[in-house]
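The values are calculated or read from the model by the stated rules, or taken from the named source; none is laboratory data. Because the structure is predicted, anything quoted here is derived from the model rather than measured. Backbone-built Cβ (ideal geometry, glycine too); neighbour counts: all protein chains shown.
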Amino acid sequence: MQIPAMRRIDVSTGPICLLLGLRDFSDAPKYGFVLGAVYALGGWLVFALLFWLSMPYLAYPAALGFAFIAPFIAAGFYEVSRRLETGQPLNWEIVLGTVWQQKGRDMGWMALVTGFAFFIWVDYAAIIFLLFFGLKELEPAAFMQALTGTWNGFYFILLGNIAGAVMAMIVFSLTVISFPLLMDREIDFATAMTTSVKAVIANPLAMMVWAVIIGLCLFTTLISLFITLPVVLPVLGHATWHMYRKVIAHAEQPEAERL
């Protein structure tokens, strides 16, 4: 399938999209807040399970790894932004129905790709832990002491964050455009991923700025223990829709440059 035509963007596009995402959230807050709260609840349940299983060392990578599957969860936010953009009516039946319909389209395959990346990342984090701390079971307090008071902990954090950054950049490149593209058009997931990667390659600096913005926003949710997620996640979801609209050419955008 032919790759859609794309626009060139600059470093100001990311901040502009974030402001547009904030505008969409303020125009229809109930959809974003409820869906974001459900996602936050899922994060708390994962944290509770890991601590119950005496695996606190996986809490941080699991929290970061949630960003791998967030684009699929954001399908509802894309639909809200699309309808606000076109002036179409909004209600829960439409928004939830749109999310449900994605299971029968190639969006499901993309969700499988990002879900697989999430599990690979968590497994890799467990392997790194075993390399530095062995098979001994550590209580949360002892684990935090080892992280902050030993060279082993320092190298563990360093290697873990480097590995996470590499994995996150790969997933970002595959998904930054592909998820809203799949929801907006009848296109296969392989073409959508190719388009996304091509958009990143064509706009490296602008996309790097956008990735940093996403990372900083998600970091605020991590340090707040997901309390800010019901706001941050929908704003980023709406902003991702606007990033897609600025990168991918549409019929009403004749000046778009083919890359």
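Just for the stretch 90-120: of the residues that are of a type in the set (F, W, Y) and closer than 20 Å to D184 by Cβ, which one is modelled with the lowest pLDDT? If you could, list the steps in order and put the result at the bottom.
Narrowing the stretch 90-120 to residues of a type in the set (F, W, Y): 92, 100, 109, 116, 118-119.
If we keep only those that are closer than 20 Å to D184 by Cβ as well, we get 100, 109.
Values: W100: 69, W109: 72.
Of everything passing the filter in the stretch 90-120, W100 is modelled with the lowest pLDDT.
Check the stretch 184-193 and report whether any residue there is in contact (Cβ under 8 Å) with a residue 12 or more places away in the chain, β-branched (V, I, T) and touching a Gly at 6+ places or on another chain (Cβ under 9 Å).
no
So if I check each of G36, G32, G42, which one is under 30 Å from V122 (Cα atoms) and modelled with pLDDT of 85 or more?
Matching residue, one of G36, G32, G42: G32.
Out of the stretch 52-89, which residues are at pLDDT below 65, surrounded by 22 or more Cβ atoms within 10 Å (Cβ to Cβ) and part of a loop (DSSP other than H, G, I, E, B)?
Within the stretch 52-89, no residue meets the criteria.
How about the stretch 174-224: which of its residues are over 21 Å from Y78 (Cα atoms) and not in a helix (DSSP H, G or I)?
N203, S224
Could you run through the stretch 179-201 and say how many residues are touching an Asp or Glu at 6+ places or on another chain (Cβ under 6 Å) and crowded, with 24+ Cβ neighbours inside 10 Å?
Keep residues of the stretch 179-201 that are touching an Asp or Glu at 6+ places or on another chain (Cβ under 6 Å), which gives 182, 188-189.
Then drop every residue that is not crowded, with 24+ Cβ neighbours inside 10 Å, which leaves 182.
Adding up the residues that qualify gives 1.
Filter the stretch 202-215 for residues that are surrounded by 16 or more Cβ atoms within 10 Å (Cβ to Cβ) and more than 12 Å from the chain's Cα centre (by Cα); which is farthest from P234 (Cα to Cα)?
My answer is A202.
Any idea which residue in the stretch 222-259 is surrounded by the most Cβ atoms within 10 Å (Cβ to Cβ), counting only those that are at pLDDT 75 or above and polar (S, T, N, Q)? Let's see the steps before the verdict.
Going residue by residue through the stretch 222-259, those that are at pLDDT 75 or above are 222-249.
Then drop every residue that is not polar (S, T, N, Q), which leaves 224, 228, 240.
Numbers: S224: 12, T228: 17, T240: 26.
Going through the qualifying residues, I end up with T240.
For I16, indicate whether it is surrounded by 19 or more Cβ atoms within 10 Å (Cβ to Cβ), among the β-branched types (V, I, T) and at pLDDT 90 or above. Break it down stepwise before answering.
Working: surrounded by 19 or more Cβ atoms within 10 Å (Cβ to Cβ): no; among the β-branched types (V, I, T): yes; at pLDDT 90 or above: yes.
Here the answer is no, as I16 does not meet what is asked.
Could you tell me whether L218 is under 28 Å from A37 (Cα atoms) and over 12 Å from the mean Cα position of the chain (by Cα)? Break it down into steps so the answer makes sense when it comes.
Numbers: under 28 Å from A37 (Cα atoms): yes; over 12 Å from the mean Cα position of the chain (by Cα): no.
So L218 does not fit the description; no.
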